[in-house]
Amino acid sequence: MKELRIATSLDEALALVADGYQPVAGGTDLVVAARGGKSELPDHVVAIDRLTELSEIDSSDGGLQIGATVSHARLMRDESVIDGFTALADAAALVGSPATRNVGTIGGNVMNASPAMDTGSPLMVLDSEIVLRSVGGERRVPVSDFWTGPGQTVSQPDELCIAVAMPDLPSESGSAYVRLEYRRAMEIAVVGAGAVVSLNPEGDGRVVGVSLALTAVAPTIIAVGGIADALIGRAIDESALADVAALAGDQASPISDLRASDDYRRHTVGVMARRAVEAASRRAAGASIPVPVNRSVGIGAVT
Amino acid sequence: MTIAETPRFVRADGPDKVTGSGRYTADMQLAGMLAAKFKFAEIAHARIVRLDLSAARQIPGVLAVLTDDDVPDVRYGAGLADRTLFARDVVRYEGEVIAAVAATTKEAAQAAVDAIVVEYEPLPIVDDLEMATADGAVLVHPEWESYRASPGVPRDGNVASHSSVVRGDVDQGLREADIVVTSRYIADGSHAAPIEPRAVVAQWEGDKVTIWTSTQVPFTARDGVCQTLGLPTNRVRVIVPHMGGGFGGKCGFHYEAHIAALARTARRPVKLVFTRREEFIAPDRRRESMIVDLTTGVKSDGTIVARRGQALLDNGAYTADSSFFTQLAVMHLAGPYVIPNVDIGAELIYTNHQPSGSVRAPTAPQATWARESHTDEVAAALGMDPVEFRLLNAVETGKVGPSGQTYDEIGLTECIRKAVAASETAGPLADNEAVGVAIGWWPSIPSPSGAYVKLDGDGAGQIITGAQECGTGSVMTLRQLAADELGMDPEDFQIVHQDTAVAPYDTGATGSQTLFNNGRAVIAAAGQIAEQLRELAADRLEASMADIVLSEGAAHVAGSPDRNVPIAKLARIASYGELLIGHGSGTPPSAPEISGATCAGDAGMAAWVAPQFSCHAARIRIDRDTGVVRVVRVDAVHDSGTIINPIGALGQVEGGVVMGIGQAISEGTVYGADGRQRNPALLEYKLQTAADVPEIHTQFVEIFTPDAGPRGAKGIAEAPNVPTAAAIANAVTKLIGRPVTHLPMTPERVWEAMR
C-alpha cells in the first residue's frame, strides 16, 4: 500500500522527510517515471506543494531567493527573474509544455539532477546555491558542488531542498540559455548552454566577467573551465565566439544515445555555447532579446 | 478556398470531445469487469522451451490465464494466414502475445503476467532486408508452405509478397537515354501513433458477445473474432465508442478475440487498455521501412524514357494486411509520370520486427520521398528547373501512365502550377530558406457499403451506417448528403454508426473510402425516402410526383413554392401507415482497364479508380550550424474531385501535412541489434507538436469525376500524407547541395550530409 501525506507546514514536511518520505510537488519527474516504468512510485510520499513558504520569489535582501516549489511558468514570467537572471527564464520557458511548466518546480528540477535539465546551466552560471534544510538545520551548497552524477546530489536523505539562491550580477551584465531541440514543445535538451557575460561599464565592449555551463554533454551539468581566461579583456567578436565553441566542444564528454551521437553533441554544444555567449553579451550591452532566446532568434523564432 | 470562406459545420462528435463528455472505450465500466494484461515475448526471435503458468494462476484475483492451448487451432491473416492469436512454439517479434490474463485489478493482472515463466532458446534475428533475401538466410517462417494464402502469394524464402510492373523495354530505353541517374534511398519505419492507445472491452450474454473496441474497421474486427473463435457473425457484436485517432494504426483485427476469450473463460466482462509502450511495440500496423533503388533515363530535352526500380519493404514478422503493399510501392516508384519503358519491382520481406500494416497511405510517403528526391536529382543532372521537369513529364488528361492506364480528366499539372504560384506569394527567400516541390498520387478504392435512413413521426432523421468515424468526417458529410437528398438540414439528422449488429457492412475508416463508398449508400437510402415523401406530397398537393421538389424542410410543387407541405407533416402521416425507411448500397465504381503492362503479383492496385493527384510546395528554413530544419509554410493543392464538405477536406489536408512533416524530419523507429525498438515512447519517438505546425495553405482543383464517389468526389484522407516529406526533402537539397538519403531527415542526418 502506498501512502501520500499532504504537509501543512514545513516542519511537518521535514519530519516526514526525516522518516523516509519522498517529497513531491509537481510530480513531473516522480509520476512520469513511475508511469513510464522507469522507477516505481515510492511507498511513502509527502506532498509539499501547498507550503506557501516554499513558493516565494524574494529579492528583498539583494540577489534572488527562489522557493523550491516555484513553477517554471512563474520563473519564465517573473520580472525579477527576467530582468536580473534572464538565463533562468530562458530555460524555464523551454521546459515541456504549458501543463508541465505549470506544475513542474525549480526544486524538483534541481533534486532530479538530470544532466539534461534546462535550468541547470543557468543556475551554474548564475553562481547559485541550493538551500537544503533538515530537522537539524539548514545549509547552502554551491551548485557547482551539488550534482555528482545523473540523478545524484550531495544532499542527505533527511534534507529537503527549500530554495535556490543567487547573487545579483554586476552592472552591464547579461545572461542567456540556448538549447538544441528537434521540436518546439515537449522536448528535452539534446545539448544546451548557459552563459553570463559582464561588460566593461566604460562601454568599450570588452568582457570583464564571463561564465559558461553546458547541458547534456557530461554526467552532470558542467562549468566550462578557462572561459574567463579566454575572453576577459576581449570584445565578443567572431574570433572570440569561435574560441568559445572550441572550448565548449573540448570540455564536453558526451555519450551517443537515441537523441544524438557523441560527435554531433560535441559539435552542437559548441554552437549552443557561442550562441549563449553572444546572446548574453548582447543583453549585457542593453539589447532586448525576449525570453526565451530559442524563440527570439534563429530558425526557432516565433514569426 | 480558405477556412474563412468555408461554411461552418459543427461536427456531431465535436462538443462531446471538446467538453470531455464523450466516452472512449477505456472509459467504460461494466459490473464485475476485470482487467486484462498480456505477456509479451520481449525477445525478437526465439523458440519457447518452457512456459509455466502455475504461479500466475495462484495470484489472488486472477480469473483467467490463456495461451495458444486455450483457443481454437486457427491461423489467420488477410492475404496470407501466417498468424495465431497466441505464440505457438516460436516467437517472431518482441510484441507477440504469449499469454493473456484477466484479474480483478490491473495490479493483480500485472503480477500474474510477471509470474508467468517463459524459457527461450534464442534464434538468429532476421532484421536486414538485403541479407534476408540472400541464399541460406534464416527463415522467419520455415514451415509457411503449410499456411493458407491468396493466389499469387509466393511463399518463397523470406519474401512474403512481390509485385512488378513491366512495360516497354527498359534496357533499350536506358540505352537511348542521354542522361541516366541512379539513386538509393533508405526510409526508417514509423508509427501511426494515435493519442488514444487501443482499448477493448468484451462482455458475454449467453452465447453472444458484445465487444467495444477502438478500431477503425469494426466489421473486420468482428470477422477476425468469428474466424479465430469459430463464431457466426450474428453472435459477435462490435461497437466502437468515440475514438482518439487511428491514422491506419487501428485498421485490422487486433486483440478483440483475446479479450472475448478471456471474458468467456472468466465469465465476467474484461477490459484491456494498452500502455503507450504496448501501443508502440505490439500492433501489426507499423509503417514499413524501405530500401529504394531507382535508375531513370532522360533525353536531353527532359523527357523521361525509362525507369528501372526496386523497393524492399520490411514486412516484419507477420503479414497483417500488407500483401498488396508491393504493388502500391511499385506505383509510387513509377509515380504520376509518363514513362514509356518501366521495369519496377518490390518485395515484402519477413523480418523479426513488428509487423507492418496500413498506416495512412501505406508505402506512399517513403516511396514518394525517394522518387521525388530522385526526380530533383534527374532535373539537376539535366540542368532543368525541377518544376518545369515535372510539368513536362507529369500524367495529364488523355495521357498514358506508367502502368498503362489512360487518364480521364485530371488536374495534376494545375495542382503543380497553383502550388508553385501560391508559394511564391510568401515573399522572397532568405539565404537559409528554400522551397521544395513534390507531386503525389493515390487511388480511390471502391468497395461495398451500406446504410439505412429513417424519418420518424416528428420528422427527425436517423442515419444508421456501417461507416466509421476516426476523423473521416462521416459525422458531418453523411448528414449533409442525406439532408441534401431530402431538402432538410444536416442538423435534422443524427447518426448511429460503428455497430456491426445494427448497421449494414462498410469497410471502415481505411483506404480513404468512407465518403467515397458510404456516401453513395446514404444517398441511395435517403433517395428511397425522398420517393416516399414525393408520393405522399403529390397526393396531398394534388400534383404529379415528378413535380414535387424537396427543399428547406418542405415538399412543394415545382414553380409554386406556396403549394407546399412540411416534411415533418408528411412524416407524421407516414408514421400511421407505411414508415419512412430507406436502405442503400449502390454499385461501386469499376476499375479501369490497363494495357501494355505486365503486372506480376497483381493485387488490383495498378489500375486506379478515380486517382487523386497532389502537389505540395514546402518552404523551409535551415540552421546550417546544426542541421535543424523547420518547415515554415506548406502550399498544398489537391485534385480530389468534387469537394463536398470543405471544412472536413481542409482538416484532412492539414492533418496529413503535419503527419508528413513528422515523417520527414522527426519520426522514425530505431531498432537495436537485438531486433527490439529503442524508442517506443513519445519523448524519443518525436511527433510534431502544435508548436511546430507551419502555415498551411490549401487549394482544391475540383474536377467532376464521373466514375467516382458521390457527385464526382474522390478520396482525400491519405493523399495529403503522400508528397509532404518529398517536398521538404527537395527544399533541404536546395539548401545543402545534396540529398539526405535517409528518412527521417533528422538534424544529425542533415548535418552529416552537409559535412
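Derivation of every value follows stated rules applied to the coordinates shown; laboratory data play no part. Computed from a predicted model, the values in this text were never measured in an experiment. Every residue, glycine among them, receives a Cβ derived from its backbone with ideal geometry; neighbour counts consider all protein chains shown.
Quick notes on this structure:
- Relative contact order of region B:451-584, defined on C-alpha pairs under 8 angstrom at six or more residues apart (%): 33 percent
- Inter-chain Cβ neighbour count for A:69-76, averaged per residue, equals 0 (cutoff 10 Å, partner chain atoms only).
- Measuring r between the beta carbons of A:Ser288 and B:Arg738 and using R0 = 51 Å, the FRET efficiency lands at 0.85.
- Each Lys and Arg contributes +1 and each Asp and Glu -1, all at the Cβ; summed about the Cα centre of chain B, the dipole is approximately 1220 debye.
- Remark: relative contact order (region B:13-114) = 41 percent; criterion is Cα-Cα distance under 8 angstrom and separation of 6 or more residues.
- Filtered GluC sites (Glu not before Pro), region B:1-108: DSSP coil and at most 12 other beta carbons within 10 Å: none
- The 3J(HN,Hα) values that the Karplus relation (6.51, -1.76, 1.60; θ = phi - 60°) gives for region B:704-721 are, in residue order, 5, 10, x, 8, 8, x, x, 6, x, 7, 9, x, 8, 5, 9, 3, x, 7 Hz. Gly and Pro appear as x.
- B:Glu578-A:Glu138 pseudo-label distance in nm [points 7 Å out on the Cα-to-Cβ vector]: 8.9 nm
- Derived scalar couplings ³J(HN,Hα) [region A:142-150; Karplus, 6.51 cos²θ - 1.76 cosθ + 1.60; whole Hz; x for Gly, Pro]: x, 4, 5, 9, 7, 8, 10, x, x
- The order of the peptides A:75-81, B:740-746 by mean Cβ neighbours within 10 Å, most packed first, is B:740-746, A:75-81.
- About the Cα centre, charge dipole magnitude for the protein assembly as shown (Lys/Arg +1, Asp/Glu -1 at Cβ), debye: 1100 debye
- The alpha carbon centroids of region B:297-344 and region A:45-102 are separated by 56 Å.
- Nonlocal amide H pairs with B:Ala46, under 5 Å, H built at 1.01 Å: B:Val91, B:Leu123
- Sites A:Leu4 and B:Asp456 - FRET efficiency at Förster radius 60 Å, r taken between beta-carbons, to 0.05: 0.70
- Prolate/oblate/rounded call for region A:178-228, Cα gyration tensor, a/c under 1.5 rounded: oblate
- Distance from the Cα centroid of region B:196-255 to that of region B:536-564 is 45 Å (rounded to whole angstrom).
- Packing-based ranking of A:207-220, B:591-604 yields A:207-220, B:591-604, ordered from highest to lowest mean Cβ neighbour count within 10 Å.
- Number of partner chain Cβ atoms within 10 Å, mean per residue of A:179-190: 5
- 3J(HN,Hα) along region A:85-99, derived from phi through the Karplus expression 6.51 cos²θ - 1.76 cosθ + 1.60 where θ = phi - 60°, amounts to 9, 4, 4, 5, 5, 3, 6, 4, 5, 9, 5, x, 10, x, 5 Hz, with x in place of Gly and Pro.
- Region B:172-251, dipole about Cα centre (Lys/Arg Cβ +1, Asp/Glu Cβ -1), debye to the nearest 20: 240 debye
- Applying both filters, DSSP loop and at most 12 other Cβ atoms within 10 Å, to the GluC sites (Glu not before Pro) of region B:447-535 eliminates every site.
- Distance (nanometres) between label positions extended 7 Å along Cα→Cβ at B:Leu30 and A:Ala33: 3.9 nm
- Fully extending the segment from B:Arg155 to B:Ala421 would add 90.8 nm, taking 0.36 nm per residue of separation and subtracting the current Cα-Cα distance.
- Under 5 Å, built H, 5+ apart or other chain: amide partners of B:Val453: B:Ile464, B:Gly582, B:His583
- DSSP-defined beta bridges in chain B - what % are antiparallel, rounded to 5: 80 percent
- Charge-dipole axis of region B:263-338 as Lys and Arg at +1 and Asp and Glu at -1 on Cβ define it, positive-most pick from B:Leu294, B:Leu328, B:Thr275: B:Thr275
- Taking amide H as placed 1.01 Å from N in the peptide plane, the amide H of B:Arg360 sits under 5 Å from that of B:Gly248, B:Gly249, each at least 5 places away or on another chain.
- Positive-end residue, chain B charge dipole about Cα centroid, Cβ charges, pick of B:Tyr350, B:Pro446, B:Pro151: B:Tyr350
- Cα-Cα pairs of chain B separated by more than 46 Å (percent): 23 percent
- Test item: B:272-281 mean partner chain Cβ contacts at 10 Å: 1
- Among A:Thr28, A:Thr8, A:Thr69 the positive-end extreme of the charge dipole of chain A (Cβ point charges): A:Thr28
- Distance in nm between pseudo-label sites at B:Thr689 and B:Arg47 (7 Å out along the Cβ direction from Cα): 4.9 nm
- Equivalent ellipsoid, the protein assembly as shown (semi-axes from 5 times Cα gyration tensor eigenvalues, Å): 51, 37, 32
- For the listed peptides B:504-512, B:190-198, B:354-362, a ranking on the average number of other beta carbons within 10 Å per residue, highest first, reads B:354-362, B:504-512, B:190-198.
- By the beta carbon rule, with partners counted only under 4.7 Å, the protein assembly as shown holds these lone Cys residues: A:Cys161, B:Cys226, B:Cys251, B:Cys470, B:Cys599.
- Flagged links, alpha-carbon separation over 25 Å, of B:Lys106/B:Lys250; B:Lys454/B:Lys714; B:Lys454/B:Lys569; B:Lys569/B:Lys714: B:Lys454/B:Lys714; B:Lys569/B:Lys714
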